[in-house]
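Chemist: Pasting a structure here, questions to come.
The values are calculated or read from the model by the stated rules, or taken from the named source; none is laboratory data. Because the structure is predicted, anything quoted here is derived from the model rather than measured. Cβ: placed from backbone, ideal geometry, glycine included. Neighbour counts: every protein chain shown.
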Amino acid sequence: MDLEDSREIETTEWEGGWLQVKVPLPFSLRWVNSYVLPEPDGYTVIDPGLRTEEAIAAWESVMERRRISFHDIRRIVLTHQHPDHYGLAGYFQQRSGAPVYMTREAFAYTQRLWGEEGASSEELSALFRKHGMPGELADAIDRDFASFYKRVTPHPEVTFIEAGERMKFGGLEWELIGAGGHALGQVLFYSREKEVILCGDQVMPRITPNVGVVPGEDDDPLSTFLDSLSELGRLRVKLAFPGHRDPFAGFAERTEELRLHHERRLADMLEQLTQPRTGFELCELHFGERLRSNPHNLRFAMAETLAHLYYLERRGRAERALSGGGDMISYRKSGE
Ligand SMILES: [Zn+2]
């Protein structure tokens, strides 16, 4: 996206004067939603976006049009730590002086992955190699990952929030609901009174959130994610404000569709494991070989494939077999 496009950045105004700002992203997702909620004395900003020149130019243009200055920002609230949501938090804090709220687990992730020593994805790429990914592709993933350091810094000073707490902003009281599986420590903000939810990347219309293995974190993220979907599906929601795509109705139905999507994928995978295959072979069967030229998407696809394999393994439906000289892991359907 060039500067010309980003100057015409799309915004949509919702009830209560809430502003949905489509902050540009240099990936196939195209944009991340930031929400700007009016306060009596300024604004609350949810998930400001990835730190890129284009995103900053887009924000400056939106703020100029809306006559909002950085000093009007009273707080910055993050649903989770992924760079496309978190990246601009420190920059916004520097310009506004506003507190940044996120969970302790989410912030710890940013420090582990993009902390003082720079980006660190070696554990992840080593895991991918063990599951059959060719070395040059794992190296490309490391290089891509390192390029995010400048897109998530400066890191903010964080005020920690926690699932189970309540917060007031945008004229509403919000219940903080923990929602793992996509991102460890993600919280969603639910207003029981208005029946609206700021649902981060947990539930989105038309696209399925990435559920992937991250070394040293949840070792069964898919199970965590599916449990979270059942919990969320019981909420009364009139309108959901997601991190990508547009606000949508039919929240409970969408949680069910997502659950079915994963059930189908698990079943397909088991079919393919009637012969032993590595995680990487399965990844290519599901997501296609074209991802070899896109390390960013390949990382998500591989981490997601492993999340499914771990899920099957934990339930005794698939088992590991060592191959390739003993240090490469492959899987087969149990009992085959
Ligand atoms: Zn995310």
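Chemist: Which members of region 301-322 meet the condition of being surrounded by fewer than 16 Cβ atoms within 10 Å (Cβ to Cβ) and of a type outside the set (D, E, K, R)?
Modeler: Within region 301-322, Gly316, Ala321, Leu322 meet the criteria.
Chemist: Out of all the residues in region 178-192, which are outside any loop (DSSP other than H, G, I, E, B) and within 13 Å of the ligand (Cβ to nearest atom)?
Modeler: Val187, Leu188
Chemist: Now for a separate question. List the helices (runs of 4 or more DSSP H) that sit entirely inside region 58-135 and contain at least 3 residues that are more than 16 Å from the ligand (Cβ to nearest atom), closer than 23 Å to Pro40 by Cα and at pLDDT 95 or above.
Modeler: By residue number, 89-96.
Chemist: Kindly check whether there is at least one residue in region 160-174 that is farther than 16 Å from Thr110 by Cα, outside any loop (DSSP other than H, G, I, E, B) and within 16 Å of the ligand (Cβ to nearest atom).
Modeler: no
Chemist: Could you tell me whether region 219-231 includes any residue that is in contact (Cβ under 8 Å) with a residue 24 or more places away in the chain, touching an Asp or Glu at 6+ places or on another chain (Cβ under 7 Å) and among the small types (Gly, Ala, Ser)?
Modeler: No; the residues of region 219-231 include none that is in contact (Cβ under 8 Å) with a residue 24 or more places away in the chain, touching an Asp or Glu at 6+ places or on another chain (Cβ under 7 Å) and among the small types (Gly, Ala, Ser).
Chemist: Could you tell me which of the residues Ser223, Ser228 is surrounded by 14 or more Cβ atoms within 10 Å (Cβ to Cβ), within 16 Å of the ligand (Cβ to nearest atom) and in a helix (DSSP H, G or I)?
Modeler: Just one listed residue meets the conditions, Ser228.
Chemist: Can you find even one residue in region 7-20 that is more than 24 Å from Tyr190 (Cβ to Cβ), within 23 Å of the chain's Cα centre (by Cα), buried (at least 21 other Cβ atoms within 10 Å of the Cβ) and in contact (Cβ under 8 Å) with a residue 40 or more places away in the chain?
Modeler: Yes, the conditions are met somewhere in region 7-20.
Chemist: Just checking, does region 162-175 include any residue being over 18 Å from Ser230 (Cβ atoms), within 18 Å of the chain's Cα centre (by Cα) and surrounded by 15 or more Cβ atoms within 10 Å (Cβ to Cβ)?
Modeler: Checked region 162-175: no residue is over 18 Å from Ser230 (Cβ atoms), within 18 Å of the chain's Cα centre (by Cα) and surrounded by 15 or more Cβ atoms within 10 Å (Cβ to Cβ).
Chemist: Oh, and also: Within region 193-209, which residues are away from the ligand (no atom under 16 Å from the Cβ), touching a residue at least 40 places away in the same chain (Cβ under 8 Å) and not aliphatic (A, V, I, L, M)?
Modeler: Across region 193-209, the qualifying residues are Lys194, Glu195.
Chemist: Something else about it: Among what's in region 66-83 and is without any contact (Cβ under 8 Å) to a residue 40 or more places away in the chain and closer than 19 Å to Glu13 by Cα, pick the residue that is surrounded by the most Cβ atoms within 10 Å (Cβ to Cβ).
Modeler: Ile73
Chemist: Scan region 267-295 residue by residue and report those that are within 21 Å of the chain's Cα centre (by Cα) and surrounded by fewer than 18 Cβ atoms within 10 Å (Cβ to Cβ).
Modeler: His286, Phe287, Asn294
Chemist: Okay, next question. Looking only at region 24-51, count how many residues are surrounded by fewer than 21 Cβ atoms within 10 Å (Cβ to Cβ), more than 26 Å from Tyr149 (Cα to Cα) and free of Cβ contacts under 8 Å to residues at least 60 places away in the same chain.
Modeler: Adding up the residues that qualify gives 3.
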